[in-house]
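Data first, discussion second: the structure below is written as structure tokens.
A short reminder: the numbers here are calculations on the coordinates, not readings from a lab. Because the structure is predicted, anything quoted here is derived from the model rather than measured. For neighbour counting, all protein chains shown are included, and Cβ atoms are generated from backbone atoms with ideal geometry for every residue, glycine included.
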Amino acid sequence: MRVLVCGGAGYIGSHMVRELIRAGHTPVVFDNLSTGHHWALEAAFKGAAEKGLEPELITGDILNLGDVDDLFEKRPIDAVMHFSARSLVSESVLRPDLYYHGILVGSLNLLAAANQARVDKIIFSSTAAVYGTPEEMPIEESCPTQPITPYGQATKMVEMILEDYAQAHGLKSVALRYFNAAGADPGGDLGEEHQPETHLIPNVLKAILGQTPPLEIFGNDYPTPDGTPIRDYVFVGDVARAHLLALDFLDRQPRPGFSAFNIGSGRGFSVMEVMAAAERVTGQWVPYKFAHRRPGDPPVLVASAEKAKKELGWDPEVTSLDEIIRSAWNWFRQRAESPA
Ligand code: UDP
């Protein structure tokens, strides 16, 4: 299958590209390289030629309808994976303009062009942020979606648009609501690199490596056992694999429709527990200090992934937090020794 991977040079996108090639699909990557990396794609494309696959990178902007139309006009595409969007909860609170514009206009452009080209399968990167501050844990897909941040709101709107496209245009779509994607490919040549880095596990490891000042823990007065927020960390390779299963799922659907699935491990860890795991894995102390809460952070987000298990056949393969952190540690140490 030829799969358009919008945002394929980013963290999760590049792991996806590698997974597609492993499965014998041809990734067509569309990325403006504003936050994604050329080196990540070079790594992700490795092994394609041996399989007779010819992946491509098309540099363009999803916010420019001309670029997106061009993409579909010039080559056949069988399915779309949409990773192209900003995804930082607290940044979205400060810059709603960037988030509503980027997420909504980008998705509408992509849907218009895909519809024009009669591509009827889309997998959308959604988020646990669509749930806001849920009452029940673990969170099931049937829980109300009441986002509390522009990132969550805009992403929920895209889910609603996808649902309407099923009715109006015969689209088959899946939204994968990621919890906290983490870790790095065991090959050691693909991993997370954001500028600036805001995510917990990279920041913990960078603090250990002395690449950053001590870790700031954003709030220790949450209603959780140790006062720090609890999140569900899920291995990035397992997140990518969920998309392959979602592709199969869409192929099996006899009719247009929209489905949402949680992609999480089902277990939650506080910030302090993540730090303790990083200390176990690395054998080093994490230098840290307490700081104010970050805007938009709910106290607890833990997935029920039962629906993904039942309907997609998805089960995370890397289930231990220590193993997830070990994979990230290998990546960051390797990166410290040989930056791109
Ligand atoms: N966090 C923190 N210090 C950091 C980065 C994150 O205390 O340098 C906390 C953050 O407040 C949240 C959790 O770690 O409770 C996970 O944050 P991350 O940014 O990794 O993911 P998010 O849940 O925001 O998508």
Query - All-pairs Cα distance distribution in the stretch 79-194, expressed in whole percent, bin size 10 Å - result: 13, 40, 33, 13, 0
Query raised in the report: Got the relative contact order for the chain handy, in percent, Cα pairs under 8 Å and 6 or more residues apart?
Result: 19
Query raised in the report: Principal axis lengths of the stretch 125-256 from Cα atoms, whole Å, largest first?
Result: 53, 38, 24
Query raised in the report: Could you state the principal axis extents of the C-alpha atoms in the stretch 241-340, from the largest down, to the nearest angstrom?
Result: 54, 34, 24
Report task. May I have the extent of the alpha carbons of the chain along their three principal axes, as whole Å values ordered from largest to smallest? Result -> 53, 45, 38
Query raised in the report: Computed over the Cα atoms, what is the radius of gyration of the stretch 205-262 divided by 2.2 N^0.38 Å, N being its residue count?
Result: 1.87
Query raised in the report: If you bin every alpha carbon distance in the stretch 74-147 into 10 Å steps from zero, what whole percent lands in each bin?
Result: 16, 38, 32, 13, 1
Query - Computed log₁₀ I(q)/I(0) - Debye formula, equal Cα scatterers, no solvent, the stretch 35-112, q 0.24 Å⁻¹ - result: -1.22
Query - Cα-centre dipole for the chain with unit charges at Cβ (Lys and Arg positive, Asp and Glu negative), debye to 20 - result: 140
Query raised in the report: What base-10 log of the normalised intensity I(q)/I(0) is obtained for the stretch 255-305 from the Debye formula, alpha carbons as equal point scatterers, at q = 0.17, 0.23, 0.31 Å⁻¹?
Result: -0.77, -1.03, -1.15
Query raised in the report: In the stretch 61-196, with Lys and Arg counted as +1 and Asp and Glu as -1 at Cβ, which of these residues, 80, 122, 168, has the Cα nearest the positive end of the dipole, that is, farthest along it?
Result: 168
**Report entry** Cut-off under 5 Å, modelled amide H: who pairs with residue 58 long-range
**Finding:** 29, 30, 31
